[in-house]
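The values are calculated or read from the model by the stated rules, or taken from the named source; none is laboratory data. All values derive from a computational prediction rather than experimental measurement. Ideal geometry is used to build each Cβ from the backbone, glycine not excepted, and the neighbour counts take in all protein chains shown. For the accessible areas, the whole protein counts, side chains as well, though only heavy atoms, and no ligand, DNA or RNA atoms are used. Shrake-Rupley method; radii C 1.70, N 1.55, O 1.52, S 1.80 Å.
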Amino acid sequence: MKKIIIIVIVIMLVSIKINASIVVMDADSGRILYEKDKDKQMLIASTTKIMTSIIALENESLNKKITIKDEIDKMYGSMTYIKKGESFTLNDLLHGLMLRSGNDTAMSIANNIKDYDTFIKLMNLKAYSLDMKHTQFNNPHGLDEETQNISTAYDMSLLMRYAIKNKNFINITSTKKYKVGSYIWHNKNDLLSMYKYATSGKIGYTTKSGPVFVSSATKENKTIVITSIKENDKFNLHKNLYIKYFNEYKRYQILDRNTFSYKIKKEKNTHYYIKNDFFMLLKPNEIKNVNIKIDIKNSLIHIYLKNELIHSERIYKIKYETKATKLNKILSFFKK
């Protein structure tokens, strides 16, 4: 009976049909486990709000009080229907932004954390710092009739990989229902209910963009991020891909900051070290293809999978005195 069940599962995984632009990414290493049209620039609709949320979280306290003003007047589409004159904390508005996908909350956040133009500038500067090379933000909400936000499945996966390192972001986006005053906002990310290992996500849709979905899931210390653009059955696709890739890959520690040690004979009394651990998802038969190369000249250690550069880690050095050196200093003092 068990063999029959296993065969059925394997057939199901093999038969996953993917028509979308998509990236399946290891959140630890940034390694792409699967991709289709990963660098194709497309409209990203309300998944824009992942960046809106991160800029807000990194520039203001969750307790900041925000009074709703005229900035919501021209908003339409997905709304929380907050009213002018009402006051909320940033935490409240971020729940409205990420659960209900409120375009009105997006505008209120962008106009109150910084001035509007500065907020958009910060969104693009953050994209640049994350190496999102094919991304341009022109608004904080994702509506695309007047201004448009464009990105790729790969770039949005990079953004989500970064965002889920923020505990407040995870806490907000994993919430299924949020109540503030008379408002009750339910999370539109159905994957949270469909798949127990789902940890975060944001959906988006406009007539021009089609369905967009960015999500993350964690199982047995393995974390994967998936972005799909123009996939109608987005929740089932993401769930099936998580099942497939969690099953196929194991998490390996490639670098250990506590045990890493490197010395050069010519450089006496110098010790090289790293500040971070590095983990990577690999199939069991891939571990033999991992190569570590140390570039002392540029103070870097490079991790390759065969010939593909996966990660570079900064190397630091410290000079220390040996007992012999200390003794020589003491003797030289008495010789004076």
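Computed from the C-beta positions of S193 and M79, the FRET efficiency with R₀ = 25 Å rounds to 0.65. Computed over protein heavy atoms with a 1.4 angstrom probe, the accessible surface ordering of R100, R31, R314, largest first, is R314, R100, R31.
Only lysines eight or more places from K317 in sequence, or on another chain, were considered; those with a Cα closer than 21 Å are K263, K265, K266, K268, K275, K293, K297, K326.
Per residue, the convex hull spanned by the Cα atoms of region 184-290 measures out at 190 cubic angstrom. Residue pairs exceeding 20 angstrom between C-alpha atoms, taken from K49/K165; K83/K167; K126/K165; K133/K239: K83/K167; K133/K239. Summing +1 for each Lys or Arg and -1 for each Asp or Glu among the other residues whose beta-carbon sits under 12 angstrom from that of Y249 gives +2. Straight-line cross-link reach from K202 at under 15 Å between alpha-carbon atoms covers these aspartates and glutamates, not counting any fewer than eight positions away in the same chain: D155, D190, E231, D233.
Residues whose amide H falls under 5 Å from that of S200, counting only those 5 or more places apart or on a different chain, are S216, with hydrogens built in the peptide plane. Taking the Cα centre of the chain as reference, the dipole from Cβ charges on Lys and Arg (+1) and Asp and Glu (-1) amounts to some 2040 debye.
Tally Lys and Arg at +1 and Asp and Glu at -1 over the other residues with C-beta under 13 Å from the C-beta of N298: what net charge comes out?
Once positives and negatives cancel, what remains is +2.
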